[in-house]
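A quick write-up on the structure given underneath.
The values are calculated or read from the model by the stated rules, or taken from the named source; none is laboratory data. Bear in mind the structure is a predicted one, so any value in this text is a computation, not a measurement. Note: ideal-geometry Cβ built from the backbone for every residue, glycine included; neighbour counts use all protein chains shown.
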Amino acid sequence: MKTIFLIAPHFPPSALPPSQRARLLVKHLNDLGFYPYVFTSDPKYREEKEDSWMTELAGNKYDLIVVKTLDPKKTRKFGIGDLGLRMLKSLRNELIRKAKEIKPDFMLYLVPPWYLMLIAKHVKIKTKIPYGIDFIDPWLTVLRPGASFKQRISHQIASHFEKKATQNADIIYSVSEGINENLRTFHKLPENKPMFAIPYGVEPSDYDLELEGIKKTKLIIRYIGAVWADAYPVMECLLEAISETEKQLPLRVEFFGTSYAGEGLAKAQTNAWITKFGMTAYMTEDPLRVTYRKAVELTLSADIILLFGGMQPYYAASKLMGLVASGKPFFAFLHEESFPAKFLKDLNYKYIVTYSQKELPKTKQKELTQKISELIKEKDNFVKFDMTKPQIQKHTAFGMTKQFIEPIEILLQK
């Protein structure tokens with residue numbers, strides 16, 4: 001059996017998106033002929049909430065190598081909070097040491113944290129082991145006018161080190177073709193550079209949870225996930241449409257896990273719109289990220305789930321396939337060029353409204369209100385997705401892992 005090093009600072013019991021990606025991979029790599037060694041940080045030096053269920057879901061078909069990581073309580077005094085930076089030196093040394101001992105066939109860096117890319121080229125030179133990068137989120141993006149000094153410095157660092165890492169990578173993966181296109185443009189990557197867009201997969205059995213009986217007096221609409229600046233124009237229009245709908249039907253609107261920040265640092269994202277649209281009586285927000293198990297429970301116990309994207313087409317929605325597998329009614333408001341929009345339209349999904357750079361979210365207000373009302377009326381007759389369809393099977397956890405392995409196999413045969 002071949003071996004692969006997964007560099008995954010966020011790994012179960014973390015429930016952040018990079019950890020989800022990693023745990024889905026380790027569950028199925030063995031079935032595809034690769035034994036994984038996972039290089040990660042000690043959970044006590046991460047800043048996200050732990051979820052023991054994630055460890056259970058990951059299984060045990062891998063070796064875990066815990067890398068020395070600096071304590072954020074100490075490093076934040078010097079302005080350093082990034083997990084990748086806090087473990088970078090130890091990670092580099094451990095990768096080189098273990099590569100000489102185990103002689104893996106391939107290394108895969110799951111980013112963020114993006115600072116992992118500072119060592120990728122160096123580790124390859126020292127070990128001669130080919131590597132890939134999986135961009136779960138983009139590091140280098142267009143610098144907005146009025147950016148702060150810190151943002152400008154971060155942009156320069158990203159531009160320099162991401163360029164070196166991508167140019168020397170043997171394979172580049174990302175969760176969307178939009179990210180790949182940006183990488184090609186930003187770093188002038190050659191046309192023959194192996195690049196693959198592989199959206200998040202789903203383990204359908206995650207949604208087999210049994211819930212206790214729940215009493216509800218109002219129809220519950222929920223959103224579970226981060227709210228980020230690029231999505232503000234989209235969310236504002238969606239909330240306005242929901243506020244119009246609530247005038248006709250009593251609703252309960254709940255947002256969970258809207259901030260990327262850890263406990264004590266998470267701040268509410270929606271207060272301004274709750275006030276603007278008069279939603280104080282029926283909308284609440286808890287910005288602290290919830291565990292994955294809690295997110296699944298919140299999904300299964302809601303009447304309707306919300307899915308929305310940002311203004312950039314590269315949004316891949318880590319929660320998309322989970323919603324498909326859950327069988328719950330959900331409403332989607334997405335950029336027409338994004339993978340989630342194209343995927344749902346390919347399946348002829350009814351409850352979706354799209355926008356673009358030409359047809360901005362604010363032009364969709366009437367359509368949004370109509371579609372949301374339509375889903376509410378039809379929610380009890382919602383038809384679940386057929387999980388046996390090929391376009392869905394491709395994005396199960398096994399299907400996702402297979403897409404990762406195929407180009408590695410080709411590379412190793414050369």
Within the stretch 147-181, restricting to residues that are among the aliphatic types (A, V, I, L, M) and assigned to a loop (DSSP other than H, G, I, E, B), the one that is nearest to A316 (Cα to Cα) is V175
Scan F277, F308, F385 and give me the residue that is in contact (Cβ under 8 Å) with a residue 12 or more places away in the chain, farther than 23 Å from M400 by Cα and of a type outside the set (V, I, T).
F277
Having 3 or more residues that are assigned by TED's automatic domain parsing to the domain that holds D137 is the bar; report the helices (runs of 4 or more DSSP H) wholly within the stretch 320-414 that clear it.
397-413
Yes or no: the stretch 244-262 includes at least one residue that is surrounded by fewer than 23 Cβ atoms within 10 Å (Cβ to Cβ), basic (K, R) and touching a Lys or Arg at 6+ places or on another chain (Cβ under 7 Å).
yes
Restricting attention to strands (runs of 3 or more DSSP E) lying wholly within the stretch 186-283, give those where 1 or more residues are farther than 29 Å from K342 by Cβ and out of contact with any helix residue (DSSP H, G or I) (no Cβ under 9 Å at 6 or more places or on another chain).
251-256
Restricted to the stretch 175-207, and to residues that are closer than 22 Å to I119 by Cβ and touching a residue at least 60 places away in the same chain (Cβ under 8 Å), which residue is surrounded by the most Cβ atoms within 10 Å (Cβ to Cβ)?
I179
Give just the number: which of (1) crowded, with 17+ Cβ neighbours inside 10 Å; (2) assigned to a loop (DSSP other than H, G, I, E, B) does L306 not satisfy?
(2)
L347 meets each of (1) of a type outside the set (K, R); (2) over 25 Å from Y232 (Cβ atoms); (3) surrounded by 19 or more Cβ atoms within 10 Å (Cβ to Cβ) with one exception, condition (3)
Segments classed as helices (runs of 4 or more DSSP H), wholly inside the stretch 42-125, with at least 1 members that are within 18 Å of I136 (Cβ to Cβ) and free of Cβ contacts under 8 Å to residues at least 40 places away in the same chain
83-102
